[in-house]
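Below: one structure, written as structure tokens.
Read the figures in this text as sums done on the coordinates, not as results from a lab. The structure displayed is predicted, hence computed values, not measured ones. Cβ coordinates were reconstructed from backbone atoms using ideal geometry, including for glycine residues, and neighbour counts include every protein chain displayed.
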Amino acid sequence: TGKGQIVSFGEMLIDFVPTVSGVSLAEAPGFLKAPGGAPANVAIAVARLGGKAAFVGKLGDDEFGHMLAGILKENGVSADGINFDKGARTALAFVTLRADGEREFMFYRNPSADMLLEPEELNLELIKSAKVFHYGSISLIVEPCRSAHIKAMEVAKEAGALLSYDPNLRLPLWPSPKEAREQILSIWDKAEVIKVSDVELEFLTGSDKIDDESALSLWHPNLKLLLVTLGEHGCRYYTKDFHGSVEAFHVNTVDTTGAGDAFIGALLSKIVDDQSIIEDEARLRAVLKFANACGAITTTKKGAIPALPTETEVLSLVNK
Ligand code: ADP
């Protein structure tokens, strides 16, 4: 892994997960804290693999905000792009997988600190130092963080960064599915690398088919690499010259949280210092195998951040 900086922009929050599984939020006897937020997970995934990563976003100037900043630093992620809001508090999410298989969410976001990041507060020097600028935030929803998001993308792009996007669709967070689709597609054609899950592909295309035709309907001229992750079925990749799929690893899955973040973190950690990988199918396939292994290992432990593997762990699965 080389040393080009990957800057990941968006929110970091705490998921509160019931201490027992299969209950509704109202029935939960207690909750465990699970730090997360996809963009923060990606930054930590990169750092754990030995890469150089920074996180840009806003936290509350409260106990949870300082705890989250501490977790980034402990994991070797630069916190120089973090702002603390004096008024609003750190975002919190209560999440459960009920016995009926439905996920139930409740959010503290009215508004939370992450939604209040102002364009003027951005650490532009840090953003300009990015070789890869990754974003995948729900902070497109409201101002002022929407403007901050767009400014950060533009500054990174102008400074020569590769732009990488993961829509991280969490529908309950959006005012409506229509608005979610519009806002995701409004920044779609800026990104050069895009990773979507099968669920996101269906949502964005409005079709229940997950095939080459539906994936390619999302293609745009600036795109260099489109990835569709398929959980235990691995991933598909599309470039302007070729496409194909790479199968997943068989592992003992206990919790899939963070698998997609581990996957994209692993991919970015490999292409940050050598973008020509994207044009060479054999090398790209090797990197996607590494990324699949990184995603697979992340599903073998509870939570996202505690489950993210080191490069040695990933390589031992790849070479098994
Ligand atoms: P997301 O978290 O964005 O929905 P996925 O669940 O598709 O993304 O996971 C990303 C990658 O992690 C997959 O492409 C796959 O390589 C790996 N992965 C996810 N779930 C499993 C699983 N159950 N078994 C093996 N690998 C998995």
Classify the chain as rounded, prolate or oblate from the Cα gyration tensor: take a ≥ b ≥ c as the square roots of its eigenvalues, call it rounded if a/c is under 1.5, otherwise prolate when a/b beats b/c and oblate if not.
-> rounded
Quick one: compute the contact order of the chain, relative version, from alpha carbon pairs under 8 angstrom and 6+ residues apart, as a percent.
-> 17 percent
Starting from the Cα of SER176, step 7 Å toward the Cβ, then list every residue of the stretch 113-150 with an amide N under 14 Å from that point.
-> none
Treat every Asp and Glu Cβ in the stretch 118-236 as -1 and every Lys and Arg Cβ as +1, leave all other atoms uncharged, and give the resulting dipole magnitude about the Cα centre to the nearest 20 debye.
-> 200 debye
Could you give the size of the charge dipole of the stretch 53-145 about its Cα centre, using +1 on the Cβ of each K and R and -1 on the Cβ of each D and E, expressed in debye and rounded to the nearest 20?
-> 240 debye
Estimate the FRET efficiency between GLN275 and ASN319 by the formula 1/(1 + (r/R0)^6), using the beta-carbon distance for r and 30 Å for R0, to the nearest 0.05.
-> 0.75
If every Lys and Arg gets +1 and every Asp and Glu gets -1 at its Cβ, then about the Cα centre the chain yields a dipole, in debye to the nearest 20, of 520 debye
Over 22 Å between C-alpha atoms is what I'm after, so list which of LYS33/LYS178; LYS52/LYS157; LYS178/LYS224; LYS33/LYS301; LYS131/LYS301; LYS195/LYS224 land there.
-> LYS33/LYS178; LYS178/LYS224; LYS131/LYS301
Between the stretch 181-241 and the stretch 80-107, what's the alpha-carbon centroid distance in Å?
-> 26 Å
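Rounded to the nearest whole Å³, what is the per residue volume of the convex hull around the Cα atoms of the stretch 155-203?
82 Å³
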Between VAL23 and VAL199, what FRET efficiency follows from the Cβ-Cβ distance if R0 is 22 Å, with the result rounded to 0.05?
-> 0.40
HN-Hα J couplings of the stretch 60-72 from phi, Karplus 6.51/-1.76/1.60, θ = phi - 60°, integer Hz, Gly and Pro as x?
-> x, 7, 9, 4, 5, x, 6, 4, 5, 4, x, 5, 4
Which Cα, out of GLY206, LEU185, GLY231, lies furthest along the positive dipole direction of the stretch 177-231 (beta carbon charges, K/R +1, D/E -1)?
-> LEU185
Cα atoms only, the stretch 182-314: Rg and Dmax in Å?
-> 14.4, 41
The farthest towards the positive end of the charge dipole of the stretch 244-320, of the residues ILE297, GLY260, VAL246, given +1 on Cβ of Lys and Arg and -1 on Cβ of Asp and Glu, is ILE297
When only C-alpha pairs under 8 Å and at least 6 residues apart count, what is the relative contact order of the stretch 133-276, in percent?
-> 16 percent
Which listed residue (VAL318, VAL155, GLY22) has the Cα farthest towards the positive end of the charge dipole for the chain, taking +1 on Lys and Arg C-beta and -1 on Asp and Glu C-beta about the Cα centre?
-> VAL318
